[in-house]
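Visitor: Input: one structure, supplied below.
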Amino acid sequence: MSLKILGIGDTHIPDRASGIPGELLGIINSGIWDVVVFTGDLTGGEVLNWVKSLSQNVYVVKGNMDYLPLPKTAVFDTGFLKVGVHHGDRVYPRGNIRQLSEIAVRLGARILFSGHTHSPFIEIDRERGVLHLNPGSLTGVWGGGDASMVPSLMMVELKNSLIEATIIELKGAKPARFSRCIVFKEGNFNYC
């Protein structure tokens, strides 16, 4: 069985950005997503309505700049692993894997989607057995800290114990892709 997940976040529309870059919007609209994860800081209700239209299974969490009635965390089961979603605010420094892993453990999740850094990453915390996925900022806006300022998203495909995570960044005219293969075996994550 295969599960396709779209990870997006940190749009900050309309306060910091006016819209989503067309190249990334085209990628999103061309996919069929089993699950859509939004890591917070959408900031506008129109963005929330758009995100909810992308899949029947949508998990959106509240970011530190959101004033919409959203949950702080979300958890869903893939049938193989539990996945948690948290914006990642109140984690210092931003994106600190140890602190994010503590959040994942509290949620009972082995995979954690987070945002707030505005820079995408794929990291394994082998000590706590957590896979960290951060799609970065869909609009590439400033977010404090070491934000990449590059629009990005993440596509994740789960095939039982095999996970393919792909970061797509808009660096110039054509989107750049970076993929990592991760295998979950005997209770541990490892890169393929």
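The values are calculated or read from the model by the stated rules, or taken from the named source; none is laboratory data. Remember, predicted model here, so these are calculated numbers, not experimental data. Ideal geometry is used to build each Cβ from the backbone, glycine not excepted, and the neighbour counts take in all protein chains shown. Note: accessible area is taken over every heavy atom of the protein model, side chains too, but ligands, DNA and RNA are not part of it. Shrake-Rupley method; radii C 1.70, N 1.55, O 1.52, S 1.80 Å.
Visitor: According to the square roots a ≥ b ≥ c of the eigenvalues of the Cα gyration tensor, what is the shape class of the stretch 29-129, taking rounded for a/c under 1.5, prolate for a/b larger than b/c otherwise, and oblate for the remainder?
Guide: Working: a/c = 1.88, a/b = 1.29, b/c = 1.47.
It comes out oblate by the Cα gyration axes.
Visitor: Who wins for biggest fluctuation among D66, D41, D15 in a Gaussian network model of the chain, springs between alpha carbons below 10 Å?
Guide: Result for the chain, Cα springs under 10 Å: D15 fluctuates most.
Visitor: Oh, and also: Name the shape class, rounded, prolate or oblate, that the alpha-carbon gyration tensor gives for the stretch 42-94, where a ≥ b ≥ c are the square roots of its eigenvalues, rounded holds for a/c under 1.5, and otherwise prolate holds if a/b is larger than b/c and oblate otherwise.
Guide: Details: a/c = 2.60, a/b = 1.06, b/c = 2.46.
It is oblate, given that a/c is not under 1.5 and a/b is not larger than b/c.
Visitor: Also, I was wondering about something else. Provide the percentage of antiparallel DSSP beta bridges, counting only those with both residues in the chain; round to the nearest 5. Before the final figure, lay out each step's value.
Guide: Numbers: 36 of 50 bridges.
That works out to approximately 70 percent antiparallel.
Visitor: Rounded, prolate or oblate, given the Cα gyration tensor of the chain, with a/c below 1.5 counting as rounded?
Guide: Working: a/c = 1.44, a/b = 1.29, b/c = 1.12.
It comes out rounded by the Cα gyration axes.
Visitor: Over the stretch 45-158, what is the mean sequence separation of C-alpha contacts under 8 Å (at least six apart), divided by residue count, expressed as relative contact order in percent? Could you put the intermediate results ahead of the total?
Guide: Details: 218 pairs, mean separation 19.0, N = 114.
In percent, rounded to a whole number, it is 17.
Visitor: Taking the Cα centre of the stretch 1-79 as the origin and placing charges on Cβ (Lys, Arg +1; Asp, Glu -1), which of T43, V58, I27 is farthest toward the positive end of the dipole?
Guide: The one lying farthest along the dipole's positive direction is V58.
Visitor: With an 8 Å cut-off on Cα pairs and a minimum separation of 6 or more residues, tell me the relative contact order of the stretch 1-86 in percent.
Guide: 27 percent
Visitor: Right, here's the next one. Given the DSSP H assignment, sum -39500 (n - 2.57) over each helix run of at least 4 residues in the chain and divide by its residue total; what's the result at 222 nm in deg cm²/dmol, nearest 500? Intermediate results must be reported in sequence, preceding the final value.
Guide: Details: 3 runs with 28 residues, N = 192.
Mean residue ellipticity, 222 nm, calculated: -4000 deg cm²/dmol.
Visitor: Another question, then. Which of the peptides 141-147, 120-126 is most tightly packed, and how do the rest follow, going by the mean number of other Cβ atoms within 10 Å of each residue?
Guide: Numbers: 141-147: 15.1, 120-126: 17.6.
Ranked from most to least packed, the peptides come out as 120-126, 141-147.
Visitor: In the stretch 116-192, what percent of the accessible surface is made up of carbon and sulfur (1.4 Å probe, ligands and nucleic acids excluded)?
Guide: Details: 1690 of 3440 Å².
In the stretch 116-192, the share of accessible area belonging to carbon and sulfur is 49 percent.
Visitor: Within the chain, how many Lys pairs that are eight or more residues apart, or on different chains, come under 23 Å at the alpha-carbon?
Guide: The number of close lysine pairs in the chain is 15.
Visitor: May I pose another question? Report the extension gain between R128 and W142 in nm, rounded to one decimal, defined as 0.36 nm multiplied by the number of residues separating them, less their alpha carbon distance.
Guide: Working: separation 14, 0.36 × 14 = 5.04 nm, distance 3.07 nm.
Roughly 2.0 nm would be gained on extension.
Visitor: Tell me the carbon and sulfur percent of the accessible area for the stretch 17-105, rounded to whole percent, probe radius 1.4 Å.
Guide: Working: 2180 of 4310 Å².
Percent of accessible area from carbon and sulfur atoms in the stretch 17-105: 51.
Visitor: OK, next. Heavy-atom accessible area per residue, the chain, 1.4 Å probe: how many Å²?
Guide: Numbers: 8740 Å² over 192 residues.
On a per-residue basis, 45 Å².
Visitor: Can you tell me the relative contact order of the chain? Whole percent, Cα pairs under 8 Å, sequence separation 6 or more. It would help to have the intermediate numbers written out before the result.
Guide: Values: 499 pairs, mean separation 38.8, N = 192.
20 percent.
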